Each structure stands twice: as C-alpha cells, then as structure tokens.
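Reviewing the structure listed below.
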Amino acid sequence: MVSRTTAALPRIAALPAWLAGVGFGLPGVYAIWYFAQHHSVWTFLGYPTYGGGPFEGAGIATTMPLLVMFLLVCLAEVVAGWMLWRNHPAAPIVSLALLPVEFAFWIGFALPAGPVLGLTRTALVLPALFRSHPRSRR
C-alpha cells in the first residue's frame, strides 16, 4: 500500500520543476533577444546572465544555439513538472532523464540555484520509482 505522503511527493516535486523551468526560461527568452540585438551576454545587477561561467572557461562561448537549447530544456522542465503534477506514470523517469542535461547547463552557465532545485526535485521523485504497486488478482 502506498502512503498518502508518498503519493503526494510527485505533486510536490512539480513545484521545483516549475520554478526552475519558468525561473530560468523567462529570463532566457529575454537573454536570447538581448544576445540577438547586442551580440553579447545580457548583464543583470552586474552579473552576466548565461555567460561567464565554466562554459566560457572551457572555451565554449555563449551562442544563440546554446541559449535556445537551454530554453528548450527549460520548456522540457515545465512539461516534466506538469507530468509530475498529473502523476503521469512516466513522470519520474522523464524527470530523472532530464537532470543530467539540466546540470550541464546549470553548471556551464554558473546558475547555482539550478542544482539545488534539481536535487530537491530528484529527492521527491525517487520514492515514486520505488513505491509498491498492488499486484493484480487473478
């Protein structure tokens, strides 16, 4: 039998998924527009957004395709959050499969809140993978 708390965890996991997807995605839309207009990374409160992190330290300069790919990852994060909220059976797998791609961008763009949100979501999703399902009776 699945406890009510365990059953509620995917819904709770949807919240950090949406926070990461919308929180990085909406500024990402503006960052893409800014990059297209100015051919440089948008600076907010003195900090470069989506630039200046380990990607650039490794020689991967911020480019339009990189920003668009990250926006697509953010969109996928919002969809994963919706799947978690709806308790879709594939939601835990989708959420976990998305994590390494997200980590690459969060680390590469030096976005420290991303890993915190991703690990929180993962901690909430893992019990859903291991919860017991009642066996069908013959």
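The values are calculated or read from the model by the stated rules, or taken from the named source; none is laboratory data. Computed from a predicted model, the values in this text were never measured in an experiment. Methodologically, a virtual Cβ is constructed for each residue, glycine included, from the backbone with ideal geometry; neighbour enumeration extends over all protein chains shown.
Worth pointing out:
- Scope segment 45-57; condition more than 15 Å from F103 (Cβ to Cβ) and surrounded by fewer than 19 Cβ atoms within 10 Å (Cβ to Cβ); matching residues: L45, G46, Y47, P48, G52, E56, G57
- Single match in A7, A14 (criterion: among the aliphatic types (A, V, I, L, M) and either at pLDDT 95 or above or more than 22 Å from P127 (Cβ to Cβ) (or both)): A14
- Flag for A61 being out of contact with any helix residue (DSSP H, G or I) (no Cβ under 7 Å at 6 or more places or on another chain), under 18 Å from A128 (Cβ atoms) and either without any contact (Cβ under 8 Å) to a residue 40 or more places away in the chain or not in a helix (DSSP H, G or I) (or both): no
- Here G23 passes the criteria (1) closer than 29 Å to A7 by Cβ; (2) surrounded by 16 or more Cβ atoms within 10 Å (Cβ to Cβ); (3) in contact with a Pro (Cβ under 9 Å, 6 or more places away or on another chain) except the one numbered (3).
- Looking across segment 70-91, just one residue is loosely packed, with under 14 Cβ neighbours inside 10 Å and touching a helix residue (DSSP H, G or I) at 6+ places or on another chain (Cβ under 8 Å), and that is A90.
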